[in-house]
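J.: One structure, pasted below without further comment.
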Amino acid sequence: MADTGGVKSEETPFEGGPMDGRSLPILLGPTGTPPKTYRIPVPDDAGGPPTVLVYRRVPRGHSKRLGLPKGWKYEYSAGDEKGAGKRGSGLRWPWSKPDPAPDATPGGKPDDTHG
């Protein structure tokens, strides 16, 4: 196996979903933390598109004095959760389009009384 040099990894536990109770070595970023979301593609037995399991990074615990995170773990993000399958669903920039929301007004103009 080739030497990875300065690349660091950390054993990170998974909670919930199919990976519950398992730990995987996750590569750390330049700040020493694992990525905020971790996607695991699971191949389909029938040869269809793979199912993607989405896990979100959460603190494992906090220190008593300063309240800093002691480590990280991944929690399963179910598909029915808002933004579970979307990339970058955390930040909302002022110039980005708002999420389409269902409207109570039927089709047509709001002041149109003749349908």
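J.: Among the residues of the range 8-34, write down those that are in contact with a Gly (Cβ under 9 Å, 6 or more places away or on another chain) and within 19 Å of residue 78 (Cβ to Cβ). Break it down into steps so the answer makes sense when it comes.
T.: Going through the range 8-34, the residues in contact with a Gly (Cβ under 9 Å, 6 or more places away or on another chain) turn out to be 8, 10, 12-15.
Residues satisfying the conditions are 13, 14, 15.
J.: Six or more apart or on different chains, Cβ atoms under 8 Å: show the pairs whose first residue is in the range 44-55 and in contact (Cβ under 8 Å) with a residue 12 or more places away in the chain and under 19 Å from residue 77 (Cβ atoms) and whose second is among the basic types (Lys, Arg) and surrounded by 10 or more Cβ atoms within 10 Å (Cβ to Cβ).
T.: Within 8 Å, the pairs are 52/39; 53/39; 54/39; 55/39.
Just so you know, all these numbers are worked out from the coordinates, no wet-lab data involved. Quantities reported herein were computed from a predicted structural model and do not represent experimental measurements. Using ideal geometry, Cβ is built from the backbone for each residue, glycine included, and neighbour counts are taken over all protein chains shown.
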